[in-house]
Structure formats: structure tokens, C-alpha cells
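Visitor: After the C-alpha cells below, expect a handful of questions from me.
The values are calculated or read from the model by the stated rules, or taken from the named source; none is laboratory data. No experiment lies behind these values; they were computed from the predicted model shown. Don't worry about glycine lacking a Cβ; one is built from the backbone with ideal geometry, like all the others, and counts go over all protein chains shown. To get the accessible areas, we keep the full protein, side chains included, count just its heavy atoms, and leave off ligands, DNA and RNA. Shrake-Rupley method; radii C 1.70, N 1.55, O 1.52, S 1.80 Å.
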Amino acid sequence: MIKNNDFSRRKFLKTANYGLMGLTFSSMPIKAFAQNRSNLNSEGIYFPPPEDQGGWRKYDPESIPEINTEKLAAAISFHDQSPVSTSRGAALLIIHKGRLISESYVTGNEGGPENWTASTCNDMKSSTKSVFGTGVGVFLDEYKDKVNLETDLVGHDKESSLIPQIWDQPITDARKKNIKVKHVLSMTSGHAGPEPWLGTGTRQHHPGYSGSYQMYEYCFGWWNFDGVAAHDALLFEPGSDFMYSNFGMEQMALAMRNISGQDLGQYTYDKVLGPIGMPIGLRNNQYRDMPYSNSYELNFAETSGWGVGGDEGCDAYGADGSSSPYGINSIAGSTFRCTARDFARLSYLWLNNGKWMDQQLVPESWLKLATKRFKRADGSTPNNYGYTFWVMDDLLDVPKDLYMSRGHNQNHSYIIPSMDLVVVRQGNDNRREINGESFQTALIQKIVAAIGS
């Protein structure tokens, strides 16, 4: 059974002026305490400096009484020795109460980074959607006089559309006019799910179209691959069902660029990622060539970056080299490549409700809404998805406030506010079950058991 640690860092620091009283903590080395006082906000909550200025403060879990070190070691061993990790490498970080209590890197024996270290950048895959959703929250606040969750995305004519580009061709399905901003962010827009990252089928233009084979034309439904679901027709009326898909989000990213005048990656970096100390490469290294060479979809390097296009192994994003009149934009649904330490930084921002030090970078109200189940027009909440975040409120022996960013190849982050806990996991193997057990579920259950016991 999970026990909530009521005597938390946050509650203590709000009720005790430890600086004047001269108190110390047995779990906090004096040297680390002295070095990090400048990284406490007005509430006494710790925020890590950028990695090149010291980064996360690291603690020996043996010095933290509330942690069961035997169970923690077992959880780390479960991760490190799983074939999901040993095949093509992995990284695991555990941040508890702002303290890095575990950091593990596994070099794969079948591929992946030749030596996975703290400086290895791995594509977070669909966890990128939550990065995108963070930028959306800032955008909706900044441009609230122009757009909100109820705003029509496609609109009923070009003049009323947030993406007037889609009207350059006849709308391929009249139901698209009913797509609202809230639908594309909650996976209820009706767009098809499968995507041809490594598509080898013949390209087919939608009748009446003969233009570019590029991302926007693809998600508008103007062309498709043989054997891969087309996007000319929606699967259902917007808001009535759920289908996990990238393509409505790509349209929302274009709307953001239309209104803000900035590429998605630039906008999100300037508003959020830069201020929390993530590397400038996530703004400037918008790599065009993504080295996806096989079905494993590996994408790793020593440099951070956010993808905007594709090479021969990433056909949906312009592998034929054609030029789209709509330009290129950071990909909303994938290709966010960074270290595990830096993704933990972003996850820690989420844990702290969008606040970094004493600056509210992302509206707290947005993150609270985005990490709750999306509510349909009839009031039902059948899917464990909010606005770009997974709501994991149904796992055994895990607090109900767990939410996640989740990505292909088990590139996940877990956030549990009630435990002041962030876990980041990176990898290059998409096996979801080992010996009939869900890897992502078993991992967080074991970590929670170690910290919550």
C-alpha cells in the first residue's frame, strides 16, 4: 500500500525558516545545501541550474530515510537488465523532491548509442506531443483574444480559418470544418492514426491535386501512401470518439505559426525551454535529416535538436525533396531530441505546475486542465488522455494523480505530484511487454514502492 509522505519538502519549507534557525537535514549534505541556496525560489523549492552550470543535485539514496534502498535497487535493476534496455540502450532518471536519487545508462548490445551517457541525446518520440502541448498552453494565454479551445481550427471559410492554407484546395471532408482546437489536442479530431515514417508504398495524390508530397499536404489529406490510411476523410465526427494521431496536432502547430509568426520550436524554446535552462540546440538545431534507417526508428546523437523534416527514411515529412509553399515547421508529434537530464528538467516544470523559480512560464490552469481526462460534450471521459498528456489514473498501487508523456521506444516521463516525483526513461526498443508484463507499468510500480514505502 502506498503511503503519502505528509512531511514533504514543500510543507516543511513553507512553515520553517531554516536559514534563520540554522537547521540542517540528515538527508542533505551540507556542501550541496550551501551550493544550491541560490536555486531556491521564494517558497524554498529547488530548481536546478543549467547542466553546464552544475545541473541536478545528486543524492545518495542511502542518506534519505524515507527511501527503501533495497526496493529502489531492485527497480533500477529491473530497468537496466530488461531486454527492452539491453537491446539498444536506455537511460533512467529518478527525481524525488528536486533531488536526483538515481541515474542509470545502459549501452545496448544490438545497436543504439555506442556508449550511452548523461550527454547522449535521444529522440523522445511522442513525448514530444507534451512538449508541444506546453507551448500550446502559453500560446492560448498569449493570444486569448484570438483563439481558445472552442475556436474552429479549419473554419467554414478561408477567412475564418486558423489554417487558411487548407482552403487552397477543396476541403476533402465537410466534417473537417467542425474541428475545434480542443479536438486536435485531445485526439478526438477524427484524423487517422497510422503514419508512414518508413513508408515504401507508392504515393497517391487525392483527385484534383498534383502538388507537393510534403507534411502539410499529407495531413490536409491531399496525398497518401498506398497501404497507409489517408487523411482525406475523417474517421468520425470531431469530438465523438478517440484516435491517437499526429496530424491534427501538426495543423494546430501551423495555426500557431500563422498567428505568432514563429516556428513551433522557436516559440516554445523562447517561452519555456530556454528559461528553464535547456540547451539552445533545441531552438537552433532544427535538423532536416533524421537518421531513421530501419523499423526501429533510432534517432540519437550528442547534440540536441527538434526535427523539421525528413530524409529517405522518413517519408511523411518530405523525403522526395519537394518544396511545400507552406514551408517547414518543428514537428509537433515527435523528433524532440535531448538528454534524459534535460527532459527531466521539463518534467519538473510540469510537476511544479508551470512555475520555474518564481516565474510562471506556463499557466497553472492550463497544466491542470491538460493533465485531466478530456471531457466530451456529453460529459463523459472514456479515454485516459487530456490535452497532449496521458492521464494514468487507473494503475494498481500507483497514486491516481500520475500523468505521463509517452513515446515510441519507451521514451516516457512519469509525473506524480503527490509524491513530488519525476521519472524519465529513454530507450530504443518498443517492446511493451516482457514476460506478459507491461514494462512501463511495472517500472513505475517498482519505483513508487521504493519511495512510497
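Visitor: Reachable aspartates and glutamates from LYS271, Cα under 17 Å, same-chain residues fewer than 8 places away excluded?
Guide: Within reach: ASP141, GLU142, ASP263, ASP342, ASP358, GLU364.
Visitor: Next question, about the same structure. So what are the three principal axis dimensions of the range 172-282 from its Cα atoms, in whole Å, longest to shortest?
Guide: 46, 32, 22
Visitor: Here's another thing I want to ask about it. Please give the calculated 222 nm ellipticity per residue for the chain, where each DSSP H segment of at least 4 residues contributes -39500 (n - 2.57) and the sum is spread over every residue; nearest 500 deg cm²/dmol?
Guide: -7000 deg cm²/dmol
Visitor: What's the local net charge at LEU396, with K and R +1, D and E -1, over the other residues with C-beta under 13 Å away?
Guide: Details: positive: LYS400, LYS446; negative: ASP393, ASP394, ASP397, GLU437.
Charge balance near LEU396 sits at -2.
Visitor: Can you flag which of LYS182/LYS400; LYS125/LYS146; LYS125/LYS182; LYS71/LYS355 are past 26 Å Cα-Cα?
Guide: LYS125/LYS146; LYS71/LYS355
Visitor: Relative to the longest principal axis of the C-alpha atoms of the chain, give the angle of the C-alpha long axis of helix 340-351, reported between 0 and 90° and rounded to the nearest 10°.
Guide: So the helix axis and the longest Cα principal axis differ by about 90 degrees.
Visitor: Next question, about the same structure. What distance in nm separates the two pseudo spin-label positions at ASP173 and ALA118, each 7 Å out from Cα along the beta-carbon direction?
Guide: 4.8
Visitor: A follow-up question, please. Where does helix 69-81 land angle-wise versus the long Cα axis of the chain, in degrees 0 to 90, nearest 10?
Guide: For 69-81 against the chain, the angle is about 30 degrees.
Visitor: Using the Cα centre of the range 341-415 as the reference point, and only Cβ charges (+1 on K/R, -1 on D/E), how large is the resulting charge dipole? Debye, rounded to the nearest 20.
Guide: Values: 10 positive and 8 negative charges, 31 e Å.
Here the size comes out at about 140 debye.
Visitor: Give me the dipole magnitude in Debye, nearest 20, for the chain about the Cα centre, with unit charges on the beta carbon: positive for Lys and Arg, negative for Asp and Glu. Intermediate values should be presented prior to the final figure.
Guide: On the way: 43 positive and 50 negative charges, 306 e Å.
Dipole about the Cα centre, nearest 20: 1460 debye.
Visitor: Okay, moving on. What net charge do the residues around TRP56 carry, taking every other residue with its C-beta under 13 Å from that of TRP56, with Lys and Arg at +1 and Asp and Glu at -1? Before the final figure, lay out the partial values.
Guide: Working: positive: ARG57, LYS58, LYS97, ARG99, ARG341, ARG345; negative: GLU51, ASP52, GLU103, ASP342.
Surrounding charge for TRP56 is +2.
Visitor: Which percent of the accessible area of the range 327-425 is formed by carbon and sulfur heavy atoms (probe 1.4 angstrom)?
Guide: 51
Visitor: Dipole of the chain (Lys/Arg Cβ +1, Asp/Glu Cβ -1, origin at the Cα centre): which of GLY248, ILE166, ALA233 lies farthest to the positive side?
Guide: About the Cα centre, the residue reaching furthest to the positive side is GLY248.
Visitor: Quick one: accessible area per residue over the chain, 1.4 Å probe, rounded to a whole number of Å²?
Guide: 39
Visitor: ³J(HN,Hα) across the range 125-131 via Karplus (A = 6.51, B = -1.76, C = 1.60, θ = phi - 60°), whole Hz, x for Gly/Pro?
Guide: For the range 125-131, the Karplus curve yields 6, 6, 4, 4, 4, 6, 5 Hz.
Visitor: If I model a spin label as a point 7 Å beyond the Cα along the Cα-Cβ vector, how far apart are those points for TYR143 and ASN353 in nm?
Guide: Placing both labels 7 Å beyond Cα along the Cβ direction yields 2.7 nm.
Visitor: By the scheme Lys and Arg +1, Asp and Glu -1, what is the net charge of all other residues having a beta-carbon under 13 Å from that of PHE300?
Guide: Working: positive: ARG88, LYS125, ARG337; negative: GLU114, ASP123, GLU297, GLU302, ASP429.
That works out to -2.
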